[in-house]
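The values are calculated or read from the model by the stated rules, or taken from the named source; none is laboratory data. For clarity, every value in this text was computed on a predicted model and none was experimentally measured. FYI the Cβ positions are ideal-geometry reconstructions off the backbone, even for glycines, and counts take in every protein chain you see. Side chains are part of the model used for accessible areas, which takes the heavy atoms of the whole protein and leaves out ligands, DNA and RNA. Shrake-Rupley method; radii C 1.70, N 1.55, O 1.52, S 1.80 Å.
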Amino acid sequence: MANWILGLTGGIGSGKSAVSAMFEKLGITVVDADIVAREVVEPGSVGLKKIVEHFGKTILTSEGVLDRAKLRGIIFDNETEKAWLNALLHPLIRESMLKQLQQATSDYVILVAPLLFENGLEKLCNHTLLIDVPVTTQITRTSVRDNVSDAQAKKIIASQMSRADKQLKADDILDNDRALSEVAIDVKKLHQKYLTHAETIC
């Protein structure tokens, strides 16, 4: 098991995937909470079975896959349904994440989680890294990538912990509002730092 865990987080549109891919190229295993969240509701999973029992078969696409857009529409402004879904999925996601973190064999392992601080997942980590961009950049990137209005993007951002609060909580902050070639240089420096940290507890 990789004993040393880095928690990587950032608001929507901050570029977490691009940065985590840079670490992967350096040979580091990445466990992504968003990917795990999709895995626990794949066809045939316990998670999907319970969601269908609760919301009905109309929550599925014609291929029998979870209709994420429809589910988002139901829970976004409905706190009761959101709470029910979180109570179902969070334990399933946590169990799968822990298993994948334990199975990692790289020098250290990265847990990527948009809601790392909001969900208390930083307690699983030895160190945290915030991928940071201005809110205006988040809005622009989210609107383009997810094809949503600026107003919807702002609503999503407002539902997450504020940028300032994340900056206070994070051990390291990486500016991702610049050329990726510049970001990659800093990623390599951080990688060397994390290798040193990981070696001290091995």
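Sorting 155, 25, 189 by accessible area puts them as 25, 189, 155; the probe is 1.4 Å, largest comes first, and only protein heavy atoms count. Within the set 16/189; 82/155; 49/99; 49/169; 57/82, which residue pairs have Cα atoms separated by over 26 Å? Checking Cα-Cα distances, 49/169 exceed 26 Å. Charge dipole (Cα centre; +1 on Lys/Arg Cβ, -1 on Asp/Glu Cβ; no other charges) of the range 1-145 amounts to roughly 160 debye.
Would you work out which of 135, 90, 119 lies farthest towards the positive end of the dipole of the chain, given +1 charges on the beta-carbon of Lys and Arg and -1 on that of Asp and Glu, about the Cα centre? With unit charges placed on the Cβ atoms, the residue in question is 90. The accessible surface of the range 1-94, taken with every protein chain in place and a 1.4 Å probe, is 54 percent carbon and sulfur. The listed residues 161, 97, once ranked by accessible area (1.4 Å probe) with the largest placed first, stand as 161, 97. Taking residue 154 as the anchor, which aspartates and glutamates have their alpha carbon closer than 15 Å to its alpha carbon, excluding any fewer than eight residues away along the same chain? In chain and number order, the partners are 77, 146. Kindly identify the range 90-202 as rounded, prolate or oblate by the Cα gyration tensor criterion: order the square roots of the eigenvalues as a ≥ b ≥ c, call it rounded if a/c is under 1.5, otherwise compare a/b with b/c, prolate if a/b is larger, else oblate. Since a/c reaches 1.5 but b/c is at least a/b, the shape of the range 90-202 is classed as oblate. Rounded to the nearest 10 degrees, the angle from helix 135-146 to the longest Cα principal axis of the chain is 50 degrees. Seen through its C-alpha gyration tensor, with square-root eigenvalues sorted a ≥ b ≥ c, the chain comes out oblate because a/c lies at 1.5 or above while a/b is not bigger than b/c.
Accessible area of residue 105 (1.4 Å probe, protein heavy atoms only, ligands and nucleic acids ignored): about 130 Å². On a per residue basis, the range 147-202 carries 64 Å² of accessible surface, using protein heavy atoms and a 1.4 Å probe. The residues of the range 52-137 present an accessible area of 54 Å² per residue when probed at 1.4 Å with all protein chains retained.
The angle between the Cα long axis of helix 79-103 and the longest principal axis of the Cα atoms of the chain comes to about 40 degrees, rounded to the nearest 10. With point charges of +1 on the Cβ of Lys and Arg and -1 on the Cβ of Asp and Glu, referenced to the Cα centre of the chain, which listed residue (201, 151, 180) lies farthest in the positive direction of the dipole? Of the candidates, 151 comes out farthest on the positive side. Rounded to the nearest 10 degrees, the inclination of helix 16-25 to the longest alpha-carbon principal axis of the chain is 50 degrees.
How would the range 38-156 be classified by its alpha-carbon gyration tensor: rounded, prolate or oblate, with rounded meaning a/c under 1.5 and the a/b versus b/c comparison settling the rest? Because a/c hits 1.5 or more and a/b fails to exceed b/c, the range 38-156 counts as oblate.
A 1.4 Å probe over all protein chains sorts 75, 131, 35 by accessible area into 35, 75, 131, starting with the largest.
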